[in-house]
Structures are given as C-alpha cells and as structure tokens.
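Remarks on the structure that follows.
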Amino acid sequence: MNENLNRRRFIQVTAGVATGLTATAGNTRGVAIVVDPVDRVASSPAARWAATELKRALTEREVSARIVENAAQAAPTDLRIMSAGIASPGAAAALGDAGVRMEVAPEALALCQRGETIWACGHDARGLTYALLELADRARQAADPVAALAVPEPVIERPANTARSITRLFTSDVEDKPWYNDREMWPAYLSRLAAQRFNRFSLAFGIGYDFLTAVTDAYFVFTYPFLLSVPGYKVRVPQLPDAERDRNLEMLRFISEQTVARGMDFQLALWMHGYRWIDSPNANYTIEGLTPETHAPYCRDAVRALLQAVPKISGVTFRIHGESGVAEGNYQFWKTIFDGVATCGRKVEIDMHAKGMDQGMIDAALGSGQPVKISPKFWAEHLGMPYHQADIRATEHPRPVSQATGLMKDLMQVSTGSRNFMRYGYGDLLRDDRKWGVLHRIWPGTQRLLIWGDPGAASAYSRAFSFCGSDGVEIMEPLSFKGRRGSGIAGGRCAYADKALNPRWDWQKYAYTYRVWGRLLYNPETDPDVWRRVMRHDFGPAAADFETALANSSRILSTVTTAHLPSAANNHYWPELYLNHSLVDAERPGPYTDTPKPPVFGTVSPLDPQLFYRIDDFADDLLKGERSGKYTPVDVATWIEDYAVAAASSLARGESRVTGKDRPEYRRLTIDIAVAGRLGHFFGAKFRAGVLYRIFDRTGDRGALEECLKAYRAAREAWAGIGARTKGVYMADITVGEMRQLRGHWADRLAEIDADMAAIAAKLDSAKPAQVNGPIARAVADALGRPRRLKVVGRHTPPAKFQPGSVLTLEFAAGKDYASVRLHYRHVNQGERWQSEAMQSDGRLWRATIPSEYTQSPYPLQYYFEMKEAPESAALYPGLGEQRFDQPYFVVRRV
C-alpha cells in the first residue's frame, strides 16, 4: 500500500477560520446535495442513504439542505456537494483539476473542493458512503456546520483492512431480548457503525455456553428452532410460542436489511449445534424432535432454509470444535452443514472459528465451493498489546495425545491434543499458499465494561490485522457476555446502580470507542480531528485533557494481559473486576486452573512468554545478577503506573476546565478513567510485590518480605479506592456469568486480598534478618525502582523477500560494542518453537544465517535480535518501541 496516498490530509476547520465557505446569519445559506440518477455508484442504495444522512445532519443544525439530481437544480447561493462515483466524467474532471489521483481500490474515497462545489467521490458505493458520512459527521460536531464542510486540501483514503467487523452477542434472555426486538435501536446503532467505517456486522447466537451442562438460559442457544420451522421435521422449542418464533425470524430479517442498507455485510454467527442439555433441570427452554440420526440432516436443511428466508445474510460463522456440541473429528457432520450453505442459491461465506481447526475441516469447507475464512483469537480471549504475540504459552503447545477427561475428552480430542496450539492464536493458518482468508477476532475478556479509547494503540492494532496478508478483524463489542448463563439482571446492560448514568441504548456509552476503532481500522493514518471533533463537541476546553487521560487509561489492561495471564479463558479471568490470585496459597488457585504449577501469582505465564519474563523467573535472575533481554515485571509495573499517573493528571486538568459536570456523558467517562487508572496502580504494585515475595521465598530475607507487604498494601489501597469510587455508581452485582469471578463488585474482592496479605505477614517471624548490601539488597532495590534497560544502538535492514530453500543471511550493524548478539527466528507458525543462534561479529557488524532447510517452508519468517552488554544488561531489537506500539520482530515473506 502506498502510505502517502493512504495518509489523511485534513486541515482542521473551526468557526472563524477562513475556508471560503461561510453561513449567513441563522445558517440561511443552503446546501444542495447532487445525486445523479445516471451515476450507478451515487444512486446505489447505500450511497443514497448516506446522502440522506448528510441532509439530516445539516437539517438538524438548521441548515437548509436538499437532495437534487443535477447542479442546475441548486440555488445560486447554495453550496453544492456532488456525490459521485469515480468513473463519472464530472468527478474525474474535478479530481484532475485538483491534482488528485484517486486509488483504484475497493472502498477508496476522495474529497476535494473546487470553488463553491465539494466533490465527494468513491471508487464504489461503500467508498462514496464513507465520503458523504465524513461530511455529515463534520456538520454534526462543528460550531459552524457549513464552514466545517470545507475541504482546503484534497482527502484521499483507502482501507488498510479488508474486513472491519463488529459482533454483538445474544447471551441473555433477560438482558438481550429488549435490544434484539427494538426497531428504533437498530437503525441508530447500525448507522453509527457505518459512519465509523465498519463494513461488517455480525449477530452471534449460541455462544453463551461452552458445554451444554447446567444450562439455565437456553434462549437462542440451539438457534434454528427459535427462528423457523423446517419442513419435514418436527423440531421445536415447546416453551416458545410459534408467534414469538416467527417474530424472531422477522426481526432477524429486519436487522439484516437495515445492515445492508447502510453498505455493510450482515454476518450470522451460529456458535452452538448441540441440542441436548446435560444435567440441566432448570433450563427455561428445551429442544424436542431431534435424534442423533436426524441431527445433521436437520441442521443442513435448517441453515439452508434460514439463508433463503433471510437473503441479506452474506456469511455464516460456525464454531466447529467440541464446544459446538459436536465431537471433533466428525467431518461428515460439518460437510452436511456446509452443503446446506452451498445449496441456498447464492454465494455465502463460511467463517470458521479456528480452535480445533485441522486440514480435514478446512478441506470440508473448501469442498463446499463457497468462500472460506478462518477466524483465530487475537491474544487468546483477551486483548494484549498491538502486535501478534511472538509465542503462545507452554500450556497451549501441541500435545501428542489429548489430556482431556470427562465431557471434554468425548468432544475435544483434537483441540486438546495435536492441535492444542490452535486454541488461542493464529496457529499455523498464515502459510503463504493458503486458500482461505484469515480474520482475527478480539474477545472481550480484558475490558468489556469500562470505556476504551486509545487512538495511538488503535492505529497500531490496525496495522497488525493485515499481518502476513490477513483480512482484518472482528471485535466483540463492549458488554459482550453481559448476563450470560442465567445471570442477567433487568434494568440496563451498562450495570449502573445510578440510573441517571444509563444511556438510552447501551452502545451509546461506547460511542467514542467505536469511533476510534472503526476509523483507525479503516485508515491507521486518520487525522486526529476525526476523534478530537467529538471530544470538543462534548467537553469543550477539556477535550485534549480527556483524550489524553482516556488514551493512557486504555493502555493499562492490555499491557497487564500481555505480561501476566492467569487464564486464557474470559470465563475465568476478568482483570477489570479481578478475583485476587494468591502469592502464597497454591491449594486455592481460584478459577485460574490453566496456569503453571504451583498455581500462585508468581508462576503465572505471560501471554507472550517469548518476550516477557514470568515474575518468579525474573526474581531468580535478579538474585543471580543476570537477565535476558525480555521485558520484566518491573518494566511492566513502571509502564502501567506511568499510564495511571498520566491518566490521573490529565483527568484532573480536564475536570478543572469542563462545565456541566452533572451530565451523564461527563460522569461516565471520568468515572471509568479513574477506575482504569487505579487498576494500573493495583497491578503495578502487585507485580512488584510478586517479585519481592519470590526474593523472600528463595532467600528468607526479612527486608524483601517487608517490602513485599508494603507493595501489597499499596495495591490494596488502590483497589479499595475503586470500590469507594464505584459505590452507588455501578451495581453491587455486575454479571457477565454465574461464577464468582464473573460477577460482583470491586468492594467484595477485598476479602481475598486481605487474607493473602495476612498469610504473607505470618511469615515475618520466621524470616532472616535483612541483608543491607549484596545481591539480595540489590534485587530488592531493582524490584522497587525504575528499570534501566539497555538502549540498542545500530541498524538492520530486513530483506524484502526470501527464497525458499536458500540460506537467508541477516546482518546487524551495531553503533556500539556488545558482548554478544543473538538471532531468534521462527516460521510464522505458533505450532513451532523459536530457534536461536549466536551471531558472529566482524568488528561491529554482526551476521547470522537461517539454514536453507529451514527456509524450505510455506510460511513467512519472523525474527528479532537480543543484545547483551553485560550479564545484567540486555535488550531486544526491534523491540516494542518508545510508545510500545511497534511490532517487536521483523517479518519476511517468501518470493
């Protein structure tokens, strides 16, 4: 991609700036939006809808606006906005006169101004829709809506990611039926997504349960009979009236039509194909009329009938591993399902969740003749930093034989055995000769309640989602899984005890989140005015401070997730409302069962163990006076503490400048920033406490133990502050599931923290006297201080491509002397482990080779360098960068 062409070149337009476009008193100057009916792009349904949105935006601001068919119908004083496809003669001439060369790419757009005429142009209907909606957004947010339409310099954009999807989950009868059936909500919500340039909306059913045991809330779990009756089968939900079933189908049709009318694709996600509830006496709905013999034929005919009944569905997402209710390895079942998709009468994409994926399943999908995508998890069921993890946890390494037992053994022989490495990442999907698309999916485990908005990180994520030719991303939206598995509470999905804080619709709380994600996923170089204009509109002189505060608070939990992951499952680990993990009690690890033994805080693996230290391993190296180039728990503690301080200081400045502090928009934002900031202080202090406890555990040093307790008390103080700040604001029982780690309030987590601190304090009497000088004292000081990382000086130019079967030579030109430099490399395949080789030096030029037998592979290569000056001084190159937004390794693809 030509980044110069992709770069947004906005000039900020505010009232009082000379632009050549001004409104007379009372906005009496009109605007004519010209939509030529002969122009196929401009007259497409989506582009016409966008023109109507622009007209509505201007009318709401008391500007006279109308849609006409040609410029001659505009009044002489009207500002003319020409809506045009790039192929139209007028658009080509106007762009040429302006010196604009628009890219030939799907969804590309251009905006330019010639005198009193603004040209909004699109390569296709979607590109033109985005151009018109950009103008509408400017008009809505600016003090002078007419002046805001000016385009002093041409704007040229094209998408960085082919697929930019949002998925909304139905997991609660109580909390989700209201929004599902709300015909006023859907047009507003979908308009918001389209305006932020998401091009796919996915509606997900059946994802609330991993296994069909202890089912209580079964609405839509096995989806088909909740939507339609399939001829030839007597499959039904006996507790569901036929009229309600038919309304469900009609509502699904309505949602799909509203989605497509706004230029987006509509995806239907069917996550569960099991139909028999196990040990579930309290299920509110059940399925009758199916047998094992009719199961696959019924599902085939049901998916075909559903696709025919809802013709706007353009893709179907399937969970194909054992949590779907179908035993892994049952390829014939899925071939039968895919046949139902293939015979529906049109092209429909098959999107398969990647867990448990193997070649047999891929071949079954490709054999349908339909387009195929595979959607792996990005950073497990959480959100890490803005790159693809360099390696997976040891827990997810391939196993020769499945270690599953019970129900999991019956259903999940593949995904818990040789394909175990597909559970939480892209696995081996990114080979260069693949015949399928790859769409990365962000799960909601890290942050689903608090407002998120970090433009710098979003830009870096945007670049990551085209990794090795990937197609893009699907984001599970905020509040995903709210009220799942029977934990729903009526009265608002946002979980506010203070009802004045509830927006009309839950997604309105996260409007800024959608804006930042959507616009930067489309173009990582988007001009900051796109998000700053809404901050100015909402918060006036405090806008810049609140932008900075929210950006910093939004970086905290993704950093924690990357460096420390007690469980990859969002069912078990929720850092926003963290259930404390003991530093000392391995007998009671709580929900954190997929963590190394003994299962205490210090043994927890990073989610990227290749680049980040485990707490205990780092403490051990401190005591030995050495360390690798990995990022340490003290590095991470310092980062998140700094983010928390920056968020708090910016928040305080903004609060001193803003007006209207009783407004719910202000209160929602400032409360969530404050909570996230205190989470940064909590985890920072607890990481330091973990290192210090390990030093004590290895040495018995009383000084280390006392400092551990001080750090732990600081963590507790931060956590108690969250409880006090949110009392009466959020509900006392915030539910995203029925288990304790998935519900409750910050205040009720203090008991576990206090018990753990007491257990640590009980060890003081038996501790040895503190060492004043020496390695223990130095280790304690390092755990409490700011890290001193080696700064890499030098350069490396990665090769453009590599030739499979040929040696690949890599060089690093050092700008200073190093004791050693080591090359780490691996295929872009998470089923493999990293290789390493000591580089040889010729003066300051370091060189190493990747053998020809290793390059003979269908996969791209990734690599990085590790430099050492001394045993205790090391670093990685290229590293995460100063802002920690960089990809920390190089990637080279095959010729």
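The values are calculated or read from the model by the stated rules, or taken from the named source; none is laboratory data. The structure displayed is predicted, hence computed values, not measured ones. Neighbour counts run over all protein chains shown; Cβ positions are idealised from the backbone, glycine included. With ligands, DNA and RNA removed, areas are computed over all heavy atoms of the protein, side chains included. Shrake-Rupley method; radii C 1.70, N 1.55, O 1.52, S 1.80 Å.
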- Query: Quick one: in segment 96-112, which of the residues that are out of contact with any Leu (no Cβ under 8 Å at 6 or more places or on another chain) and either part of a loop (DSSP other than H, G, I, E, B) or in contact (Cβ under 8 Å) with a residue 40 or more places away in the chain (or both) is most open to solvent (accessible area, probe 1.4 Å)?
  - Reply: 104
- Message: If I filter segment 382-419 down to residues being in a helix (DSSP H, G or I) and on the phi < 0 side of the Ramachandran plot, which single residue comes out as surrounded by the most Cβ atoms within 10 Å (Cβ to Cβ)?
- Response: 411
- Filtering segment 229-247 down to residues that are under 20 Å from residue 179 (Cα atoms) and touching a helix residue (DSSP H, G or I) at 6+ places or on another chain (Cβ under 8 Å) yields 240, 245
- Might you let me know whether segment 260-267 holds any residue that is among the β-branched types (Val, Ile, Thr) and touching a Leu at 6+ places or on another chain (Cβ under 8 Å)? no
- Wholly within segment 777-852, strands (runs of 3 or more DSSP E) carrying at least 1 residues that are under 31 Å from the mean Cα position of the chain (by Cα) and surrounded by 16 or more Cβ atoms within 10 Å (Cβ to Cβ): 820-827
- Query: Restricting attention to segment 720-747, which residues are charged (D, E, K, R) and open to solvent by less than 60 Å² (accessible area, probe 1.4 Å)?
  - Reply: 733
- Query: Which condition breaks for residue 555 when tested against (1) buried (at least 22 other Cβ atoms within 10 Å of the Cβ); (2) within 24 Å of residue 652 (Cα to Cα); (3) more than 17 Å from the chain's Cα centre (by Cα)?
  - Reply: (3)
- Query: Of all residues in segment 312-332 being open to solvent by 10 Å² or more (accessible area, probe 1.4 Å) and touching a residue at least 40 places away in the same chain (Cβ under 8 Å), which is nearest to residue 267 (Cα to Cα)?
  - Reply: 314
- Does segment 248-293 hold any residues that are assigned to a strand (DSSP E or B), touching a helix residue (DSSP H, G or I) at 6+ places or on another chain (Cβ under 8 Å) and under 28 Å from residue 487 (Cβ atoms), and which are they? 268, 270, 278
- Item | Members of segment 333-357 found to be open to solvent by 10 Å² or more (accessible area, probe 1.4 Å), among the β-branched types (Val, Ile, Thr) and part of a loop (DSSP other than H, G, I, E, B), listed by number | 343
- Complete set of residues in segment 146-204 that are more than 19 Å from residue 57 (Cβ to Cβ), hydrophobic (A, V, I, L, M, F, W, C) and open to solvent by 10 Å² or more (accessible area, probe 1.4 Å): 160, 163, 174, 179
- Message: Condition first: over 10 Å from residue 699 (Cβ atoms) and open to solvent by 70 Å² or more (accessible area, probe 1.4 Å). Now tell me which residues in segment 764-776 satisfy that.
- Response: 765, 766, 769, 772, 773
- Matching residues in segment 591-626 (touching a Ser or Thr at 6+ places or on another chain (Cβ under 8 Å) and in a loop (DSSP other than H, G, I, E, B)) number 16
- Condition test on residue 243, is it open to solvent by 20 Å² or more (accessible area, probe 1.4 Å), closer than 30 Å to residue 158 by Cα, of a type in the set (A, V, I, L, M) and assigned to a helix (DSSP H, G or I)? no
- Query: So is residue 728 of a type in the set (Gly, Ala, Ser) and at positive phi or not?
  - Reply: yes
- Would you check if residue 296 is surrounded by fewer than 21 Cβ atoms within 10 Å (Cβ to Cβ), more than 29 Å from the chain's Cα centre (by Cα) and modelled with pLDDT of 95 or more? yes
- Item | Among the candidates 678, 688, 667, 698, residue that is free of Cβ contacts under 8 Å to residues at least 60 places away in the same chain, buried (at least 16 other Cβ atoms within 10 Å of the Cβ) and part of a helix (DSSP H, G or I) | 678
- Message: Condition (residue is hydrophobic (A, V, I, L, M, F, W, C), over 18 Å from residue 480 (Cα atoms) and not in a loop (DSSP other than H, G, I, E, B)) applied to segment 194-207: is it met by at least one residue?
- Response: yes
- Please verify whether segment 628-644 includes one or more residues that are under 24 Å from the mean Cα position of the chain (by Cα), modelled with pLDDT of 95 or more and outside any helix (DSSP H, G or I). yes
- Query: Are any of the residues in segment 573-590 hydrophobic (A, V, I, L, M, F, W, C) and touching a Ser or Thr at 6+ places or on another chain (Cβ under 8 Å)?
  - Reply: no
